[in-house]
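The values are calculated or read from the model by the stated rules, or taken from the named source; none is laboratory data. These figures come from a predicted structure and were not determined experimentally. With ideal geometry, Cβ positions are generated from the backbone for all residues, glycine too; neighbour counts draw on all protein chains shown. Areas reflect the complete protein model, heavy atoms only, side chains present, ligands, DNA and RNA absent. Shrake-Rupley method; radii C 1.70, N 1.55, O 1.52, S 1.80 Å.
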Amino acid sequence: MTFSIIGTGNIAWFFGNRLVTGRHRCAGVYSRNTGAAKELAEALIADRFGAITDIRDGAADICFLAVSDSAIAEVAKQLSFKNTMLVHTAGAVGIDSIKDAAKDCAVLWPVYSIIKTNMPNHRNIPCAWEASTPKAEKYIQSIGHAITDVLFEAKYEQRKWLHLSAVISNNFVNHLMAICEQVCVENNLPFSTLLPIIEQTFDRIKNDPPKNLQTGPAIRKDTMTIAAQIKLLEGHPQWQKVYEAITNSIQTTPNIK
């Protein structure tokens, strides 16, 4: 298939490279950032569109709208496709946001943290899809299999909850790791000392439900340790709030104690 891309961020690079490697052809790349568009277009051996109006209906089978969530509807208003399928790549945005822009619409969202400078080299990347028409369903599954071996349908009502879970499990956990790293730096401790327990945490949940694996002072209701650790964080009141909120959640949330 042929495809075009609007956007030059992490997902645009990931999808573009995967599809070209899978022998699909990129017709062109558009972005308001002309330098970034030129760089991606050259990497994909494709044209750089000088304006969004250069993306002609029917010139490609699929147009990927790989822009920020807040920009999807705004950019889609500038498009009008009868033959080209329009695809957005966001987990937390409904398919309705692009339905007025194309006869055939779809969503393809990787449930994965994609960074342009550290692309995954495996195909175990869950991708959720949604389609508005039978043609869109056929196309999105075909193009999806060029990207991943783990492809599944998820409507917006499911996807928005999955996106929330991905934010908590990836973005929030990474922020907690950043806090731990800074605590170690401030106290002349090697962050590497924590890597075995971090690895243990994620190895365990591969085989057991996380709710069965909780340990630590919160689950034990060890009030003395909790109070002492909150005091240790007096120099970082925002971290105190995080500590207190998670401790309270562990102790009070039904069914995950």
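Brief remarks follow.
- Solvent-accessible ranking of VAL29, VAL75, largest area first, probe 1.4 Å: VAL75, VAL29
- Accessible area of SER97 (1.4 Å probe, protein heavy atoms only, ligands and nucleic acids ignored): about 40 Å².
- Largest to smallest in accessible area, the residues ILE198, ILE114, ILE168 fall in the order ILE168, ILE198, ILE114 (1.4 Å probe, all protein chains included).
- Accessible area in square angstrom per residue, the chain, 1.4 angstrom probe: 58 Å²
- Relative pair counts by distance (%), Cα atoms of the chain, 10 Å bins: 6, 25, 27, 18, 16, 7, 1
- Anchor LYS116: lysines whose Cα lies under 21 Å away (excluding residues fewer than 8 positions away in-chain): LYS38
- In plain terms, the C-alpha convex hull of region 141-257 casts an average shadow of 10.1 nm² when viewed from every direction.
- Cβ-defined net charge surrounding GLY22, 13 Å radius [Lys, Arg +1; Asp, Glu -1]: +3
- Counting only alpha carbon atoms, the long axis of helix 134-144 and the longest principal axis of the chain meet at about 60°.
- Carbon plus sulfur fraction of accessible area for region 1-70, probe 1.4 Å, in percent: 46 percent
- Cα-based helix-to-principal-axis angle, 156-166 vs the chain, degrees rounded to 10: 40 degrees
- Rounded to the nearest 20, the Cβ-based charge dipole of region 19-122 about its Cα centre (Lys and Arg +1, Asp and Glu -1) stands at 160 debye.
- Counting only heavy atoms of the protein chains and using a 1.4 Å probe, TYR243 has close to 50 Å² of accessible surface.
- Degrees between helix 195-204 axis and first principal axis of the chain (Cα, 0 to 90, nearest 10): 70 degrees
- Local net charge near GLY50, Cβ-Cβ under 14 Å (Lys/Arg +1, Asp/Glu -1): +2
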